[in-house]
C-alpha cells in the first residue's frame, strides 16, 4: 500500500506544480521534443517500487496528433536505462495515447503500444550444446515488448514555446526472455517534459 501512495504522490506533485503556473491558450503543435528521466525495475506493477530508483535512464521522443488537438496522439520513444543486476537496456517503442483534460490545464493519459527491447546480459552467459556448456559472453538479447502506461501532467500552452511537465508509470511485458520463462514484467517510472516549439 505504501508503494502505491508513493506513485500517487509523485503524480499529484506534477499537477500541483503545473496549476501554480496559471492559465494559457490552446495552441497544440505536432512533433514536440519529449525528454524523460527513467527509473527501471524488473518487477510486477506497484511491487518493489524502491528498486526502480536504483536503475536510472534517459529518453527522447516526439508525438503527432490524430485530430489537431492534444487529446489523441501517437508517440515514439527511444530510451536507455542502466540496470546493474538485470543488464542495461536500449528500447524503442510507439504508443497510442488518449489524453483527457483535467480542469483547464491539467490532463491524464492512458497509453498502449508496442516496441523492441535490446537488453544486455549483466554477466557472462552459457548455452548447452549436447553435454557441453558454451559461453555466449554478455551478448545482448532482443525482445518484443508491450508497454501500458498511465500519466498525469500539465499543459502550459501559449503563443510561443511551451513546456508540458508530466509523470508516468509504465508496465511492460517482454516476450522471449528465455525458454523456461518466455514472458517477463518490467516497470518504468518516468518524469519528463514535452517541449512544443514556436511555429515558424
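Can you tell me how many residues in segment 172-192 are more than 19 Å from residue 90 (Cβ to Cβ) and either at pLDDT 95 or above or in contact with a helix residue (DSSP H, G or I) (Cβ under 7 Å, 6 or more places away or on another chain) (or both)?
Qualifying residue count, segment 172-192: 1.
From the set of residues in segment 170-184 that are surrounded by 13 or more Cβ atoms within 10 Å (Cβ to Cβ) and part of a strand (DSSP E or B), which is farthest from the chain's Cα centre (by Cα)?
Result: 184.
The values are calculated or read from the model by the stated rules, or taken from the named source; none is laboratory data. This one's a predicted model, so the numbers in the text were calculated from it and none came from an experiment. Cβ sites come from the backbone with ideal geometry, for glycine too, and all protein chains shown count toward neighbours.
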